[in-house]
Amino acid sequence: MKMTNVFDRNFDALTSEKKHIVNQGSARSSKTFSILQLLYLTALRSKTPLLISVVSQTLPHLKRGAIRDFQNFLKTDGYWNEDAWRRGDFIYSVGCSEIEFFSVDNAGKVYGPARDYLFVNEANRIEWEIYLQLSIRTRLTCFIDYNPTREFWAHTELLIRPDVAYIHSTFKDNDYIEQSIVNELIEAGKRNENFRRVFVEGEIGQIEGTVFDNWSEGLQPDIELPVLFGQDYGFSNDPTTLVRVVIDDRNRKLYLTELLYKAGLNTDNILHVNRSLCGNGLIIGDSAEPRLIDELLNRGCNIRAAVKGQGSISAGIMAMQDYELIVHPDSHNLKKELRNYVWIDNKSGLVIDDFNHLIDAARYALTYYKNQNNAPKTIETFTYRKTRI
């Protein structure tokens, strides 16, 4: 059986006993083949009966995808047993175990009996609640794979958890891919930047018309730089946010770290968070909430109201576009906002009033800094070590 390093990495993740194993990758990276191979061998070597579920969006998609791949690698290697395949039920018997294939448009299967292992193929095509129902009925490990055409629940719900293993792969991880396919992928990537990101590099696709294309992931440097904290306020529907903004004017870089993104916080909650995460650092808060800012200030928070007025949003966006934005890798909500904050009308400077809670907070901080002639005495400087905070 021909195996790639993607198989090895999934095997290592399986033995680490993570609940969820997330496979994000380019086209033809072998992620689907590798997971199916691993599940087949797991069933084959098990001395106790296992039930393994392979799931996709619809039955036609399942037949064209996971079922075809499963049959192909078994037939190619001479392991396929026609008598073990219950065609009407889409169940394949392996030793004392069974591998079943079904689609999520079959509600009875989604909410049905439990299983030992789960594999959701092209998981970005199904909803989070469906995956959640499947996963809570899975006794051992859940695998998912997808081409990252956009950000979805794998990034916002799973990758922030400690019980998740993440495996990134590209076609370069597949030693058995034909050179003609490699050439096609590379040429298509040259013609379309978004295709290159998703299907060649296995990175999350960029939505057309995003306001900020000047950002990347990274860590803060081991030098002294001015730091401010920006804060935006919400309650029932919108979150209250807090972001650390470290300003390197010499190199035109902003280092942004998401510290808070949570709805339903009252004044006491916000005060506690600000004290614990900012210390005596200066916080620039949304001036649309003057009473809240006064309460926080009177109770010992080092906080000032953001500068607002006609044109302040567009001016703040232009200021942020003038820097390279370096976003801490753990700032998941901030990265989501940057990917989804798009122009309604580029000429007039109108933007979608959503996906902006952390961006607005960062904008408040930078605008305050610029208005203080870049060297306010109230701004503290710290030395940031090359470690994640």
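Some notes on this structure:
- The set of residues in segment 225-244 being closer than 19 Å to ALA288 by Cβ, at pLDDT 90 or above and either of a type in the set (Asp, Glu) or buried (at least 22 other Cβ atoms within 10 Å of the Cβ) (or both) consists of LEU228, PHE229, GLY230, GLN231, ASP232, THR240, THR241, LEU242, VAL243.
- Residues in segment 158-213 that are under 30 Å from GLY316 (Cβ atoms) and not charged (D, E, K, R): LEU159, ILE160, ASN194, ILE204, GLY205, GLN206, ILE207, GLY209, THR210, VAL211, PHE212.
- Residues satisfying the stated conditions in segment 190-239, i.e. assigned to a loop (DSSP other than H, G, I, E, B), among the β-branched types (Val, Ile, Thr) and under 30 Å from GLY264 (Cβ atoms): ILE204, ILE207, VAL211
- Segments classed as strands (runs of 3 or more DSSP E), wholly inside segment 11-99, with at least 1 members that are of a type in the set (A, V, I, L, M) and not assigned by TED's automatic domain parsing to the domain that holds ARG137: none
- Unique residue being loosely packed, with under 14 Cβ neighbours inside 10 Å and in the same structural domain as SER29 (by TED's automatic domain parsing) when the list is ALA123, ALA114: ALA114
- Within segment 248-295, the residues that satisfy the criterion of being touching a helix residue (DSSP H, G or I) at 6+ places or on another chain (Cβ under 9 Å), closer than 26 Å to GLN220 by Cα and polar (S, T, N, Q) are THR257, ASN274.
- Condition check for THR15: within 25 Å of THR170 (Cα to Cα) and out of contact with any helix residue (DSSP H, G or I) (no Cβ under 7 Å at 6 or more places or on another chain): yes
- Residue match in segment 146-153 (condition: free of Cβ contacts under 8 Å to residues at least 40 places away in the same chain and either surrounded by fewer than 15 Cβ atoms within 10 Å (Cβ to Cβ) or in a helix (DSSP H, G or I) (or both)): yes
- Strands (runs of 3 or more DSSP E) enclosed by segment 273-389 - at least 1 residues per element that are farther than 20 Å from ASN237 by Cα and at pLDDT 80 or above: 283-285, 303-305, 324-327
- Qualifying residue in segment 103-110 (condition: small (Gly, Ala, Ser) and surrounded by 14 or more Cβ atoms within 10 Å (Cβ to Cβ)): yes
The values are calculated or read from the model by the stated rules, or taken from the named source; none is laboratory data. Model, not experiment: these values are computed from the prediction. Every residue, glycine as well, gets a Cβ built from its backbone with ideal geometry; the counts of neighbours run over all protein chains shown.
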